[in-house]
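Below: one structure, written as C-alpha cells.
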Amino acid sequence: MLKLNSITKTFISELGTKKKVFNNLNLEVNKGEFITVIGSNGAGKSTLLNLIMGSIEPDCGKVSLEEEDITNLKFYKKNTFISKVYQDPKVGTAPSMTVFENLSMADNKGKKFNFTMGLNHKRKSIYENLLKELDLGIEKQMDTEVGLLSGGQRQCLALLMVTLNKPKLLLLDEHTAALDPKTSKIILDKTDEIVRKNNITAMMITHNLEDAITYGDRLIMLHEGKIILNVSGKEKQNLTTEKLLEKFQNAKGQIDDKSVFAA
C-alpha cells in the first residue's frame, strides 16, 4: 500500500555541516496495517513522516502510495488523502472557530463550499454522538471556541477531524506526548478503535515503549536512520519493555560492530 524505496535525505545546517538522516531506506506498509515507530532522538522518526506527508522531499528515492508515485507531490495535494495528527494539541484545529465549525470544515475537506454552506447542520447530531464516545464532555461544547478546550479535548477533536473522511493513510506524530496519562490512554484507545473500525493504514510515532507494544500490528525501531527492528504477529504480542530494550541493544551493537569493521 505504502512503499519507500532507496530513500536518502541529508540536511545542511546554516553553518554548512551535513547530517545524513537516511541512506537507502526501504519500507513497505500493507493496507490496513497499524505500525508503531520508536527510536531515540535524532533517529529519523519525524523526518520519516514528513517525507511521506510531503513537507520535505528526499534527495533521492521514491515514495509510492497504492502504486502511484507521490514522491514530489506537493503537501497540499497529499493532504487530501493523507492525514496527520501532531504532537502539539494546538496544531490541526482552528482555535477561534467553534467545535461544530471545526468538524464541519474537516467533514468538507476536498469539497467546494462557502462558509455558510459548509456548516453541516444535518450532521450535527452525528458529530455530537462521535464526541460523546470520547467521554470528555466535548459534545456539550459544540458552540465553544476550540481555543477554550483543554489540550486533551483539542487533541481528541483533532483525531476525530482527520479521520472523518477516512484517509488512505493516517500519520500520528507523538500525538499523546503532551497529555496526562489518563487522557493519553483515552486518545490511544480511540485511535486504535477508529483505525480498526475503518481499516485505516496508520503509522504512529511514540517514545512510550509500553504503548508501542500495546498498540498496532507491527513495531519498527529506527536508529541512526536505519530500521534495526521490525517485529509483528506473535513476536510483537510476546514483547515486554525489557525484551524490547534487549533487542534494541543487540541490534544496535551489531550496527556499531559493522561500522567499526567497515572503518
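Since every read-out is calculated from the coordinates, none of them should be taken as a lab result. Please read all numbers here as calculations on a predicted model, not as lab measurements. Note that each Cβ is placed from the backbone with ideal geometry, even for glycine, and that neighbours are counted across all protein chains shown.
What the table shows:
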read-out: Ratio of Rg to Rh over segment 128-186 (Cα coordinates, Kirkwood Rh, two decimals); value: 0.95
read-out: Förster radius 45 Å - calculated FRET efficiency between E210 and F11, Cβ distance, rounded to 0.05; value: 0.90
read-out: Segment 51-183 - percent relative contact order, Cα under 8 Å, separation 6 or more; value: 34
read-out: Normalised per residue, the volume of the convex hull around the Cα set of segment 2-240 (Å³); value: 140
read-out: The chain: antiparallel DSSP beta bridges as a percent of all, rounded to 5; value: 55
read-out: Gyration tensor (alpha-carbon) shape descriptor, segment 2-124, a/c threshold 1.5; value: prolate
read-out: Peptide ranges 214-222, 11-19, 95-103 listed from the most packed, as the mean C-beta count within 10 angstrom indicates; value: 214-222, 95-103, 11-19
read-out: MRE, 222 nm, helices only [DSSP H, n ≥ 4, -39500 (n - 2.57), over the chain, to nearest 500]; value: -11000 deg cm²/dmol
read-out: For segment 32-121: relative contact order, % (alpha-carbon pairs under 8 angstrom, 6 or more apart); value: 16
read-out: Which listed pairs, of K90/K226; K3/K78; K45/K132; K62/K190; K9/K166; K166/K190, have C-alpha distances above 23 Å, in listed order; value: K90/K226; K45/K132; K62/K190; K9/K166
read-out: Whole-number percent relative contact order across the chain, with pairs defined as alpha carbons under 8 Å at least 6 apart; value: 25
read-out: Sites K62 and R123, calculated FRET efficiency, Cβ-Cβ separation with R0 41 Å, nearest 0.05; value: 0.60
